[in-house]
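Below: one structure, written as structure tokens.
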Amino acid sequence: MPLHKLAITAAVALALGAAAFTSFAQDVVITPDPALSSLSVEDMVAKRQELMKTNGATLKTAGTLSGADAVKAAETLIADFSNLTVLFPEGSDTVKGSEAKPEIWQNLDTFQGYLKQGVVNATAMKAAAEAGDAAAYGASIKALGGLCGQCHQQFRAS
């Protein structure tokens, strides 16, 4: 496991308890919206940019949420990270306005790993919100923010 993934995994495991996190990692199912596969490449780029903006806004406000609002924020992130797994067809980095680096397709397993880890972290965030565990919820938000930053640093053109 790459060091950056290990650090994120460890942070969430510490926040939730190693047994609970292991359960999340095994139980998480990534289910992208099937309708996304019918989009044109240009529409896929637009959709992934929309989802990234939604994720950023959700993470910025998530720390102020609790109860059903916190659960809903986590569910949004779960759906978005799941959907992002199918919105990077090869060659879509050449679409006007795309900020995706070609390194995504040169390191597709690593890139997809970031997205899948986003689903895992958002699932942990949801569980913490449902349990009313503010500390674990906050740790999950922090882990997601760090994951997004690492992925953008490696795979997003500035």
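No lab work stands behind these numbers, since they all come straight from the coordinates. This is a predicted model, so every value here is computed, not measured. Glycine also receives a Cβ, built like all others from the backbone with ideal geometry; neighbour counts cover every protein chain displayed.
Sequence-ordered 3J(HN,Hα) estimates for the range 62-75 from the Karplus curve with 6.51, -1.76 and 1.60 and θ = phi - 60° stand at 4, x, 8, 9, 8, x, 4, 5, 5, 5, 4, 4, 5, 5 Hz, glycine and proline given as x. Averaging the Cα positions of each part gives two centres, and for the range 76-153 and the range 42-72 these lie 11 Å apart. Listed peptides 34-40, 126-132 appear in the order 126-132, 34-40 once ranked by packing, highest mean of other Cβ atoms within 10 Å at the front. Annotation: lysines with alpha-carbon distance below 25 angstrom to Lys116 (same-chain offsets under eight excluded): Lys5, Lys47, Lys53, Lys60, Lys72, Lys101, Lys126, Lys142. The fraction of all Cα pairs in the range 42-153 landing in successive 5 Å bins from 0 to the largest distance is 2, 13, 23, 24, 16, 10, 7, 4, 1, given as whole percents.
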